[in-house]
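Undergrad: I'd like to ask you about the structure that follows.
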Amino acid sequence: MITLNIDGKEIEIEDGATILEATEKAGANVPTLCYDKRLAPFGACRICLVELEGTRTKFTPSCTTPATNGMVVRTTSPALIKARRTILELLLINHPLDCPVCDKAGECKLQDLVYEYGLSENRFKKDMSNLPIDYKSPLIERNLNRCILCGKCARICDEIQDVAEVSFVNRGMKAKIGTDFDRSLDCEFCGQCIDICPVGALTSKLFKFKARVWELTDKDIICPYCNVGCNLTARSRDGRILKIDAKESGVNEGGVCVKGHFGFDYIYAEDRLTQPLIKNNGKLIPSSWDEAFNLMVSKFSMLKGQVGMLVSPRLTNEEIYTAKEFMNNLLEGHIACAEGLEHLSALSETGLSLGELKEIKNSDCIMLFACLSETNPVAGIAINYAVKRKEANLIVISPIKIKESKLAKDELLIAPGQEITIINEIMAEIIRQNWQDSAFINDCTEGFEPLKEQVTRYTEEGSGVSKEAILSAARLYVESKNPCIILSSPTPDLVRVAGSLLLLKGKTRLHLLGKRSNEVGAFDILGDRDRAFISSARGLFLIGSELPNEALQNKEFIVVSDLYLTETASMADVVLPATASLEKKGTFTNFEGRIQQTDTASNPPCGAKSDLEIISQIALKMGFELPKFKEIEKREFKKGNFLPTQAKDIKISSDYPLRQSRFHSGKISQRSKALMEVSK
Amino acid sequence: MIWHIKIDEILSSYKDRSDLIPILQRLQEKMGWLSTPVLQRIEEKTGLSGAEIFGVATFYAQFRFKPQGKNLIKVCHGTACHVSGVEKIEEALRQELAVKGDEPTDDGLFSLERIACLGCCALAPVIMINKKCYGKLEPNKIQKVIKDYK
Ligand code: SF4
Ligand code: SF4
Ligand code: SF4
Ligand code: FES
C-alpha cells in the first residue's frame, strides 16, 4: 500500500494503481475520455491531466501515471482548467456541432465536458472534418466526423472482443478509425464499440432518430438469450424498447454480444399472438381469456391425473415453480422441462459444482471444447482476457478451427465427435505419468480405480490426435494452478469425462454453459425428468414448448402457451398468448447458479399474459392459491465421483459444429430482424 | 494460386508483429502495391486482422494501395525544387501523360508520385523515373525525358 495526497486528502491505495484510480478513491471528479477500466491504459486524450506538486513538468495524465508514495496531487486549479479547456478547443476544431441530430446527445462525454468547462467560442478555426458517413454496415452507423480518436472502439474490439475489426489508419491530420480499404463492417456485431464510444461517432442503427436519450426509461434486465445471464439496461419509450446497453456491473462487466445488444426485436415480430384462440371445427377462433380459462378448467378437471406439462427453459424461476406446484397439487400430472437437461444431471452425478465466469478470467490454463463466440460470446471475452492479459494457456479441442484457435497454445483438432475419446486419452496420459492429485482423490472422491482401469486401456489414437500433442496438452493442464474446462451445451457423457478430468487435478467446478437463459433454474426446480409421460398422457399443457407432430396425435386436449403460433400451437385446442422475458419480472439462474432479477422492460402486446399469471389464474379458478417461489440453495461440492465413460457410437447432431457461424440461432433469434440481418 | 506461393514464401518469415513492416516492404517490392487479396493473405497467415495490417501500412508514406504504372515517376517537392518551379514541371508531366491524381496512366506505363525530397537539391528541379534522376528540368524538356520509357 502507498499513501498519497489528493486535494488535501490522504489516500491509501495498492501499489501499481494509477493516479486516476487514487482520485476516484478520493472522490475527486477527474474528467476522462479515452480511459476505460476494462482496457489497457492508453493516454491519448490528455483531458485527465492533474497537477503534481514539486515536479518540474507539473501536469501529468492521471490515467497512465502510476501513483507513488508521498505524491501530492491536485485535481483542479485555474491552470488545469485552462489546460483542459484548450484540449477541448482542440477537439472541437473539426468536430461538427450537430448535437441536435446526434443520437448520443444527452449522454455524450464531449458535450458534457464542453458544457461543464463553459466553452462557447473556439480560438482555432479550420474546416469541419468531412469524411463520408458509413451507412452501409449493418446495425452500426459510423460517422467518423464526430470521432475524437480516443481509440476506445479499436481497443475494445481488439483487447476484449479479439476481433480488431477497426484500427487507426493513416496518420497526422488524416488519422482516422477505419477498416482495411474502408470496407463496411463484417464483424461479430457485439456493438460494444457503440457502448464505449464517448461521442456519437458510433451509433446503433436500430436507435437512429428514435428518441432523445432523456426521454428513455431504463430498466435492469437479464439477457433473454443464453445463460451467461448478462446484466443489461433496456431503454424504452412509451413501453417499447428502443435500445439495449450493457451494464458495467454484474457477471458480464460491460460485456455484451450481438444477441443481447440487438436481438430484442423478436418481441415485436408481426406474428406475436395477441389473444387466446380456441379450436372450433378444426379452426382456431379468437376468444376471450374467460372462455379459454373455463374450457381449460372443465377439461383439466376431467383429465385429472392424465395431463402432462412441458415448460420452456426460458421461463422465469417463478413461472417454472408455479407450474410445478400447479401440476403437483391440481392436475396431479407429470411436468418436465421441454429440452433435455441431462448434462446438468450428469454434473450432479459427478458431484462437481458450477464454475463461475470470474474463475475463467483468473485461470492459468483453459481447456475449451466449444466455439463460445457463437454460443456464449461474453464467456469468450473472459477467455480473451485470461489469455491476452494474464497469459493463460488456452487448449482448444475441436473438430474444426474456431475463432479461439488463434489464441490457443495447444490446438487439438479431433475427428468429429471424438471429444470423449480425447479426454479419456488425456486422462490415460496423466495417470500413466502419475500426475494426478492422489491426496485429493483419496480424501474427496470415489471410483478412481475403475476409471484408471478403463482409461489406461486407451492406447491407439482414436481421437485422431497425435500422442505428442496429447502429452503436451496433458502437461499444460496438470502443471497449471487454476485450470478450468469449458463446455457449451454438451452431451451428458462429455460432462462425465470432463468431470473426471477435473477431479484428477483436484478441481471441483466445471464451466458448463448453455444456450437457454434459465436451464439451470429449470433444472434446480424440476430436475431432469423423464419425458416418457408425453406419449401416454391424454392431455398436454405446453408452455413455450414444441413437440413433433406425431407426439400430438390422439390427444384429447392440448393447450399451448407461446409467443407465436408455432406448428405445435396450430395443433392445439387452446392457444394462449404469453409474454416474453423482456416483458416480465422474475428471476433467472445463470450458468454459474447465480439467481438474477429481471424487470419488465417492454409492454407486452395487449391481450398477452405472463405464464405466471396464466397458471395462477387457472389455479384460482380451480379454487387453489399457489405457493410463492422460494430460492433454491446453490449446490456445493461435497464428494466427487469418477464416472468411467466410453465414447459410444457417435451420432453427430444437427448443431454439431462442423462449420462456424456468427451466432447460434433458435426460435426467438430467427424472429429478430436485426439478428437475421447479420446471420451467416 | 501462383501469387499465393510467391507471397507465402515472404510471409513464412513472420514471427511476431515486429516483422510486419519488413514483410510489407518485401511484398510491395514483389507485387508493386498492396491489394486487398494480398492483405487477406497476410491476415490468414499471421492472424492479425485486416484493419490492424492496414493501420500499420497506412501509417507509412512508402506503402501504396493502388496499382502502379510500369514506371514510377517521383516528383520532388523539396524546398529547392519548389523554388525552382517544380509545380510547372509536374503540370507538364501530367499534361503529357494525362495522369490524374495517383492513378496510373491508361496504358499502364506510368504513375506519378509526389515526394518530399529526393536529396539532390543541386539538380533542382528534379524528378526520378524508376531509379534514374533527371535534373535541371524545364517544362519543354519533359517530352524528351519521357520518350525513353514509351
Ligand atoms: S461491433 Fe464488436 S466486433 Fe464489431 S467493430 Fe464493434 S467491437 Fe468490434
Ligand atoms: S469512434 Fe468513438 S470510440 Fe472510436 S476512436 Fe472515435 S471517438 Fe473513440
Ligand atoms: S453472452 Fe449470452 S447472456 Fe450475454 S448478451 Fe450474449 S446471449 Fe445474452
Ligand atoms: S483519459 Fe487519460 S489521457 Fe485520456
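Undergrad: Could you work out the helix-only [θ] at 222 nm for chain A, with each DSSP H run of four or more residues adding -39,500 (n - 2.57) and the total divided by the number of residues, to the nearest 500 deg cm²/dmol?
TA: Values: 23 runs with 186 residues, N = 680.
Value at 222 nm, helices only: -7500 deg cm²/dmol.
Undergrad: Give the Cα extents of chain B along the principal axes, in whole Å, largest first.
TA: 51, 31, 22
Undergrad: What order do A:L273, B:L109, B:L123 take when sorted by accessible area (1.4 Å probe), most exposed first? Kindly include the intermediate steps, with their values, before the conclusion.
TA: Numbers: A:L273 15, B:L109 40, B:L123 70 Å².
So, going from the largest accessible area down, we get B:L123, B:L109, A:L273.
Undergrad: Next up: Quote the FRET efficiency, to the nearest 0.05, computed for A:E636 versus A:Q433 with a Förster distance R0 of 25 Å and r equal to the Cβ-Cβ distance. Don't skip to the end; give the middle numbers.
TA: Working: r = 31 Å, r/R0 = 1.24.
It comes to 0.20.
Undergrad: Can you give me the long-range amide H partners of A:E446? Hydrogens built in the peptide plane at 1.01 Å from N, cutoff under 5 Å, separation of 5 or more residues or another chain.
TA: A:G640, A:N641, A:F642
Undergrad: Percent of accessible area on segment A:1-119 owned by carbon and sulfur, 1.4 Å probe?
TA: On the way: 3220 of 5870 Å².
For segment A:1-119, the apolar C and S fraction of the accessible surface comes to 55 percent.
Undergrad: Also: What percent does the relative contact order of segment B:71-147 come to when contacts are Cα pairs within less than 8 Å and at least six residues apart?
TA: Details: 122 pairs, mean separation 32.4, N = 77.
Value for segment B:71-147: 42 percent.
Undergrad: With a sphere of radius 15 Å drawn around the Cβ of B:P22, what net charge do the other residues whose Cβ falls strictly inside it have (Lys, Arg +1; Asp, Glu -1)? Write down the numbers at each step before the final one.
TA: On the way: positive: B:K15, B:R17, B:R26, B:K30, B:K45; negative: B:E9, B:D16, B:D19, B:E29.
Local charge sum for B:P22: +1.
Undergrad: Under a Cβ-only charge scheme (Lys and Arg +1, Asp and Glu -1), can you give me the dipole magnitude of chain B about the Cα centre, in debye to the nearest 20? Kindly include the intermediate steps, with their values, before the conclusion.
TA: Working: 22 positive and 19 negative charges, 98 e Å.
I would put it at about 460 debye.
Undergrad: Follow-up. Across 10 Å bins from the origin, how do the percents of Cα pairs in segment A:124-268 run, short distances first?
TA: Going out from 0 Å in 10 Å bins, segment A:124-268 shows 11, 40, 33, 14, 2, 0 percent.
Undergrad: Now, a different point. How much length, in nm to one decimal, is gained on full extension between A:T86 and A:N442, taken as 0.36 nm per residue of separation minus their Cα-Cα distance?
TA: Numbers: separation 356, 0.36 × 356 = 128.16 nm, distance 6.85 nm.
Taking 0.36 nm per residue and subtracting the Cα distance, the gain is 121.3 nm.
Undergrad: Pull out the extension gain between A:L620 and A:N362, defined as 0.36 nm times the separation in residues minus the alpha carbon to alpha carbon distance; nm, one decimal.
TA: Numbers: separation 258, 0.36 × 258 = 92.88 nm, distance 4.97 nm.
Residue separation times 0.36 nm, minus the Cα-Cα distance, leaves 87.9 nm.
Undergrad: Give the separation of the Cα centroids, segment B:1-50 to segment A:11-38, in Å.
TA: 42
Undergrad: Further question: Of the options B:V75, B:G135, B:G119, report the single residue whose Cα projects farthest towards the positive end of the charge dipole of segment B:66-138 (beta-carbon charges: Lys, Arg +1; Asp, Glu -1).
TA: Positive-end residue among those listed: B:G119.
Undergrad: I want the local charge near A:I431. Using Cβ-Cβ distances under 13 Å, sum +1 for each Lys or Arg and -1 for each Asp or Glu among the other residues. Numbers along the way, then the final one.
TA: Values: positive: A:R432, A:K452, A:R457, A:K505; negative: A:E425, A:E429, A:D437, A:E449, A:E453.
After counting each charged neighbour, the total is -1.
Undergrad: Write down the accessible area per residue of the protein assembly as shown in Å², having rolled a 1.4 Å probe over the full set of protein chains.
TA: Spelled out: the 1.4 Å probe surface of the protein assembly as shown, per residue, equals 45 Å².
Undergrad: Probe radius 1.4 Å, ligands and nucleic acids ignored: give me the carbon and sulfur share of the accessible area of chain B as a rounded percent.
TA: On the way: 4490 of 8430 Å².
Carbon plus sulfur share of accessible area: 53 percent.
Undergrad: Now for a separate question. Partner chain Cβ atoms within 10 Å, averaged over the residues of A:165-172 - can you pull that number for me?
TA: 6
Undergrad: So for the pair A:E479, B:C121, with labels modelled 7 Å out along Cα→Cβ, what separation do we get in nm?
TA: Between A:E479 and B:C121, the simple spin-label model gives 5.9 nm.
Undergrad: Using a loss threshold of 50 Å², tell me which positions in segment A:175-211 are less accessible in the complex than in their chain alone. Probe radius 1.4 Å, ligands and nucleic acids ignored.
TA: A:D180, A:F181
Undergrad: Among A:Y225, A:G254, A:L144, which residue has its Cα furthest toward the positive end of the charge dipole of segment A:124-268, with +1 on Lys/Arg Cβ and -1 on Asp/Glu Cβ?
TA: A:L144
Undergrad: Determine the sum of side-chain charges near A:A346: Lys and Arg each +1, Asp and Glu each -1, restricted to other residues whose C-beta is under 11 angstrom from that of A:A346.
TA: Details: positive: A:R496; negative: A:E342, A:E349, A:D493, A:D528.
Local charge sum for A:A346: -3.
Undergrad: Show me you know the interface measure: the accessible area buried between B and A, both chains summed, probe 1.4 Å, in Å² to the nearest 100. Please report the intermediate quantities before stating the final value.
TA: On the way: alone 8980 and 29130 Å², together 36980 Å².
It comes to approximately 1100 Å² buried between B and A.
Undergrad: Could you identify which residue out of B:K70, B:K100, B:K15 has the top mean-square fluctuation in a GNM of chain B using Cα springs shorter than 10 Å?
TA: B:K15
Undergrad: Could you state the number of Å between the C-alpha centres of segment B:64-132 and segment A:54-133?
TA: Cα centroid of segment A:54-133 versus Cα centroid of segment B:64-132: 42 Å apart.
Undergrad: Report the FRET efficiency, 1/(1 + (r/R0)^6), for B:K147 and A:R389, where r is their Cβ-Cβ distance and R0 is 41 Å, rounded to 0.05. Don't jump to the answer; show the numbers that get you there.
TA: Numbers: r = 62 Å, r/R0 = 1.50.
According to the calculation, E is roughly 0.10.
Undergrad: Also, I was wondering about something else. Using the Kirkwood radius over C-alpha pairs as Rh, can you work out the diffusion coefficient of segment A:71-135 via Stokes-Einstein at 4 °C, viscosity 1.567 mPa s, in µm² per second? Please report the intermediate quantities before stating the final value.
TA: Working: Rh = 13.6 Å.
Diffusion coefficient, whole number: 95 µm²/s.
Undergrad: Another one. Please list, short to long, the whole-number percent of alpha-carbon pairs of segment A:2-91 in consecutive 5 angstrom bins beginning at zero.
TA: 3, 15, 27, 26, 19, 8, 2, 0
Undergrad: While we're looking at this one, here's another question. So, how do all the Cα-to-Cα distances of segment B:71-147 break down into 10 Å bins, in percent, from 0 on up?
TA: 21, 59, 19, 1
Undergrad: Past the 25 Å Cα-Cα mark, which pairs from A:K361/A:K634; A:K403/A:K634; A:K406/A:K467; A:K174/B:K6; A:K37/A:K584?
TA: Details: A:K361/A:K634 22 Å; A:K403/A:K634 33 Å; A:K406/A:K467 22 Å; A:K174/B:K6 33 Å; A:K37/A:K584 32 Å.
A:K403/A:K634; A:K174/B:K6; A:K37/A:K584, as the Cα separations exceed 25 Å there.
Undergrad: Report ³J(HN,Hα) in whole Hz for each residue of segment A:318-330, in order, from the Karplus equation J = 6.51 cos²θ - 1.76 cosθ + 1.60 where θ = phi - 60°; Gly and Pro get x.
TA: Computed from phi, the couplings for segment A:318-330 are 4, 5, 5, 4, 4, 4, 5, 4, 4, 5, 5, 8, 9 Hz.
Undergrad: On to the next question. Dipole size in debye (nearest 20) for chain A around its Cα centre, Lys and Arg Cβ +1, Asp and Glu Cβ -1? Write out the running numbers ahead of the final one.
TA: Details: 87 positive and 91 negative charges, 338 e Å.
Here the size comes out at about 1620 debye.
Undergrad: Okay, moving on. Taking every residue in B:37-50, how many Cβ atoms of other protein chains lie within 10 Å of its Cβ, on average? Don't skip to the end; give the middle numbers.
TA: On the way: counts 0, 0, 2, 1, 0, 1, 1, 0, 0, 1, 4, 3, 11, 9.
Per-residue shielding by partner chains comes out at 2.
Undergrad: So what's Rg/Rh here for the protein assembly as shown, counting alpha carbon atoms and using the Kirkwood radius for Rh? Present the calculation step by step, with values, prior to reporting the outcome.
TA: Details: Rg = 32.3 Å, Rh = 31.0 Å.
Dividing the radius of gyration by the Kirkwood radius yields 1.04.
Undergrad: Continuing with the same structure: For A:T18, what residues show an amide H to amide H distance below 5 Å, using hydrogens built from the backbone and excluding near sequence neighbours?
TA: A:A67
Undergrad: Please give the FRET efficiency for A:L471 paired with B:K45, using the beta carbon to beta carbon distance and R0 = 30 Å, rounded to the nearest 0.05. List each step's numbers first, then the result.
TA: Working: r = 28 Å, r/R0 = 0.93.
Calculated transfer efficiency: 0.60.
Undergrad: Projected onto the charge dipole of segment B:2-59 (+1 at Lys/Arg Cβ, -1 at Asp/Glu Cβ, origin at the Cα centre), which of B:I10, B:L39, B:F54 gives the Cα projection farthest towards the positive end?
TA: The residue sitting most towards the positive pole is B:I10.
Undergrad: Where the centroid of each part is defined by its Cα atoms, how far is segment A:318-345 from segment A:539-598 in Å?
TA: What the calculation gives is 12 Å, centre to centre.
Undergrad: Another question, then. Could I have the simple spin-label model distance between A:K406 and A:D186, label points 7 Å from Cα toward Cβ, reported in nm to one decimal?
TA: Using points 7 Å along Cα→Cβ, the separation is 1.4 nm.
Undergrad: If I take the Cα coordinates of segment B:2-59 and project them onto the principal axes, what are the three extents in Å, biggest first?
TA: Computed over segment B:2-59, the largest-to-smallest principal extents equal 26, 21, 17 Å.
Undergrad: For segment B:25-34, in order, what is each residue's ³J(HN,Hα) by Karplus, 6.51 cos²θ - 1.76 cosθ + 1.60 with θ = phi - 60°, in whole Hz (x at glycine and Pro)?
TA: Along segment B:25-34, the couplings run 4, 5, 5, 5, 4, 6, 9, x, 7, 9 Hz.
Undergrad: Pull up the cross-link candidates among the lysines for A:K104, meaning alpha carbon to alpha carbon under 20 Å and not fewer than 8 places away within one chain.
TA: A:K136, A:K152, A:K176, A:K205, A:K208, A:K210, A:K219, A:K243, A:K247
Undergrad: Give me the percent of the accessible area of segment A:283-349 that comes from carbon and sulfur atoms, probe 1.4 Å, all protein chains in place.
TA: On the way: 1140 of 2360 Å².
Whole-percent figure for carbon plus sulfur exposure: 48.
Undergrad: Check which residues have an amide H placed less than 5 Å from A:K585's amide H, if you skip close sequence neighbours.
TA: Result for A:K585 returns A:T600.
Undergrad: Moving on. May I ask what percent, to the nearest 5, of DSSP beta bridges between residues of the protein assembly as shown are antiparallel?
TA: Working: 47 of 93 bridges.
Expressed as a percentage, antiparallel bridges in the protein assembly as shown total about 50.
Undergrad: Let me ask something additional. For B:K144, go through the lysines and keep the ones whose alpha-carbon is under 25 Å away, minus same-chain ones fewer than eight residues off.
TA: Cross-link targets: B:K70, B:K74, B:K88, B:K100, B:K131, B:K132, B:K136.
The values are calculated or read from the model by the stated rules, or taken from the named source; none is laboratory data. Keep in mind the model is a prediction, meaning the values are calculated, not measured. Neighbour counts are summed over all protein chains in view; Cβ atoms, including those assigned to glycine, are modelled from backbone coordinates with ideal geometry. Surface areas here come from the heavy atoms of the whole protein model, side chains and all, with no ligands, DNA or RNA. Shrake-Rupley method; radii C 1.70, N 1.55, O 1.52, S 1.80 Å.
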